[in-house]
There are 2 protein chains.
Amino acid sequence: MKKKKFNFTFSADNGLVDRRCFLKSGFGVGAGMMVAGANASEGKYRDDWMRKPGSGMGESGPSIHESHIKRSNVASQPGTLGSGASRTPLQFLDGIITPSRLHFERHHSGIPDINPQSHRLFIHGLVDRSLSFSMNDLQRYQHVSRIQFLECSGNSGAMIAPNAPQRDVSQIHGLVSCSEWGGIPLNILLDEAGIKPEGKWIVASGADAAVMSRSVPLEKIMDDAIIATHQNGEPIRPSNGYPMRLFLPGWEGNACVKWLKTIKVTSGPSMTKDETSKYSDLRDDGIAELFTFPMGVKSIITSPSPGLDLLERGIYQISGIAWSGSGKIKQVELSADGGKTWAKAELDSHVLSKSLTRFRSAWKWNGTQSSLMSRAIDDQGNIQPNREHWLKGRAINTFYHYNAIQSWSVNSKGKINNVYL
Amino acid sequence: MKKKKFNFTFSADNGLVDRRCFLKSGFGVGAGMMVAGANASEGKYRDDWMRKPGSGMGESGPSIHESHIKRSNVASQPGTLGSGASRTPLQFLDGIITPSRLHFERHHSGIPDINPQSHRLFIHGLVDRSLSFSMNDLQRYQHVSRIQFLECSGNSGAMIAPNAPQRDVSQIHGLVSCSEWGGIPLNILLDEAGIKPEGKWIVASGADAAVMSRSVPLEKIMDDAIIATHQNGEPIRPSNGYPMRLFLPGWEGNACVKWLKTIKVTSGPSMTKDETSKYSDLRDDGIAELFTFPMGVKSIITSPSPGLDLLERGIYQISGIAWSGSGKIKQVELSADGGKTWAKAELDSHVLSKSLTRFRSAWKWNGTQSSLMSRAIDDQGNIQPNREHWLKGRAINTFYHYNAIQSWSVNSKGKINNVYL
């Protein structure tokens, strides 16, 4: 039996396959092994697990064969237990939803064990009526839910190092995750409290021991901020702010205050420790930019990537995620030759605003050294910069809001490394 | 301090609040407790959990305060361990995503423990080339991911009982869930195998001890069927078919064969035990309808619902889910007076094809007996029937594909019961 031959057409140099190939009948990767009819016929053999009834129902977790899929770099500051970060294993995930157990974490004084029966949300400051809400009160308000990303502004900060860090996708870029966030539009609660004319900002504070506090312009709060009580259908997990957090679509994760306790309406920013000693961007002229909230347009090829080496020549899926704090992803471009030629990637069908978008392409690796890159463009016209461009104008060691193009080098043995191009 | 008064306008009788109320500044539920400014000011008191650092990072699960949110009716056939069902706790969830740990289960001989290194997918029968694929082979094909529901055709079957069953939403309707399903379009693999002209159906078989097998028309397979390897971003869990299952968007769950092992292309349906002794619809003229795959248009109010009783008069959120196996939800209508008057519900922003859609409305309960109903309409013009209409023409005890309107009665004490109207 002869194996079918496929005629590929290419969209860019070094093997990027034209997406129209997929629309023609007869296109295929050709990875399947041909077998004689008898071997393929069902019932010819039974695997061990078909010879006896399987296990029962209940709270079944992931397969034991996938135990390597867990959060990486779970590390706290020396001498502390919960003041640090853990990262989403992006290279092992597909689609856009991050399972809640794998959502990245960044805590400033650990995860408080909050009793929802005694926790209350307070709204006060420059309002007509100070209000407080129990969880039961909040459940009575009409909620919304939306699938949106959350990214720590320190994500990918390792990429400012002078030499490209040899770590995997999770370790470099794993401080971004995407969930369905559900809760109450904050403008409904603030309308109920009544904002005084001089109210222009709020300061939100958490019920953790660090009392994490961030100032946010009222305009954002009244636009699309929610008091998030649900994540991926169920109540938010303790590591994500149970029983509630502030959620600001597209804005840096730190401003989305977890374990939310108070919203105070103010006339200006409050200059808290969390927005002055940290989470500000120092320029090379010595001036620190504060309140640089929206996350930039960004993309990462998650596969192939370091640790997911290629074993033989042939067709592979290039897959990755793109996102923008300013809107929807309009286009993702791919290069397999280090940026000399580019082709459009395909986007999975749900392209949502301020959400992850999954992009894909087929790539025919011919066994030679190649450099894979992705570049995202959002519907506001923002284009993902290269590293050199990103560094321009920033002070040394300033690492927040890194969103430059990531390049992976594939050597002739199929091994993948992080490179600066 | 005087509490602000709100002027409601209503969209239907018995308290359904007009959605335009939400667009006017000053609308609110009024559930918040007014507090004197001093009480509300931050730092005035610290809860216990703010007095010491919280716990560390890692594999944190749901809050211990939400341990009641688990699958219900975990029950197997007498004498068996894994031949039965467990149900999604819909009344405690929000949005559209079902966390994978809470996805409903229906197994015919338990959950096999499949080693992905030795499992292979076979494609054979009326094809030019029989093929087999390892998991590594499949990873090289270009995937897709989509957020879509999965419903057991036996879902809601309890509603054929002559008296309305007094159970909660999960126990009656919990055999529906919604996930982001990722995998390989099956048409790519079948194109690679080459379908012979006489190939019109396939039969898909699982690697469980029951060798669950279902026939599916080739037209559906080539349209939108996938070999699903991922669920909500991570590899499919064992209870959902790890390492792969057939996924047929909008079609009954049983046909989406789990632990998929073989796809055989055939000239007609194979009349397996699983599609003749079960999963067929007996009519009142004695004829059994076979291969009634698409799930009907349907909706359920998940809150308020039995067990989530109302404690006092006032404004409440009505929230629920709607779906259709034929396309997108176009509209959901709500009644608070047992079907005399109806008003449109609001739909959460992501209205996706063959997915759950979350609907909501505000409702002012005046403390009197009320009957809440929802009715979904899809973009193909299908309208959710009432119970009487649904029963017409079906044999007694035929319970598959039940999709009639659900009515909840609220008595003057706020207690909620299942009623036939």
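Remark: label point of B:L391 defined 7 Å out from Cα along the Cα-Cβ vector; separations to the same position in other copies 7.6 nm, ascending.
What is the average number of partner chain Cβ atoms found within 10 Å of a Cβ in A:78-84?
On the way: counts 0, 0, 2, 5, 6, 4, 2.
So the per-residue partner count for this stretch is 3.
For the protein assembly as shown, what class follows from the C-alpha gyration tensor (a ≥ b ≥ c being the square roots of its eigenvalues): rounded when a/c is under 1.5, otherwise prolate if a/b is larger than b/c, else oblate? The shape class here is oblate. Does region B:298-419 come out rounded, prolate or oblate, given a ≥ b ≥ c as the square roots of the eigenvalues of its C-alpha gyration tensor, rounded meaning a/c under 1.5 and, failing that, prolate meaning a/b above b/c? The shape class here is oblate.
The mean number of Cβ atoms from other chains found within 10 Å of a Cβ in peptide B:116-124 is 4, as a whole number. Entry note, chain A: relative contact order of 17 percent, from Cα contacts under 8 Å with a spacing of 6+ residues. Kirkwood radius, chain A, all distinct C-alpha pairs, inverse of mean reciprocal distance: 23.6 Å.
The same position B:G268 in the other copies lies at 8.3 nm from this copy, comparing label points 7 Å beyond Cα toward the beta-carbon, shortest first. Inter-chain neighbour count for A:86-95: the average number of beta-carbon atoms from partner chains within 10 Å of each residue's beta-carbon is 5.
Express in whole angstrom the spacing between the alpha-carbon centres of region A:241-302 and region A:90-107. Between the Cα centre of region A:241-302 and that of region A:90-107, the gap is 21 Å.
Sorted shortest first, the separations between the A:P78 label point and its copies elsewhere in the assembly read 6.7 nm; each point sits 7 Å from Cα along the Cα-to-Cβ line.
Using a ≥ b ≥ c from the Cα gyration tensor of region A:178-218 (square roots of the eigenvalues), is it rounded, prolate or oblate, where a/c under 1.5 gives rounded and otherwise the larger of a/b and b/c decides, a/b for prolate? Because a/c hits 1.5 or more and a/b fails to exceed b/c, region A:178-218 counts as oblate.
Non-local lysine pairs in region B:274-368, meaning eight or more places apart or on different chains, with alpha-carbon distances under 28 Å, amount to 18.
Order of B:V297, A:V410, A:V127 from fewest to most other C-beta atoms within 10 Å? Numbers along the way, then the final one.
Working: B:V297 26, A:V410 23, A:V127 20.
With the fewest neighbours first, B:V297, A:V410, A:V127 line up as A:V127, A:V410, B:V297.
What range in chain A is the longest one free of GluC sites (Glu not before Pro) that are in a loop by DSSP and have at most 13 other Cβ atoms within 10 angstrom? Result, exposed sites excluded: A:60-197.
Hey, what number do you get for the protein assembly as shown at 222 nm if only DSSP H runs of n ≥ 4 count, each worth -39500 (n - 2.57), divided across all residues, to the nearest 500?
Values: 14 runs with 76 residues, N = 842.
Taking each H run of at least 4 residues, the total per residue is -2000 deg cm²/dmol.
Laboratory data are not the source of any read-out in this text; all were calculated from the coordinates shown. Here the structure is a predicted model, which is why all the values come from computation and not from measurement. Don't worry about glycine lacking a Cβ; one is built from the backbone with ideal geometry, like all the others, and counts go over all protein chains shown.
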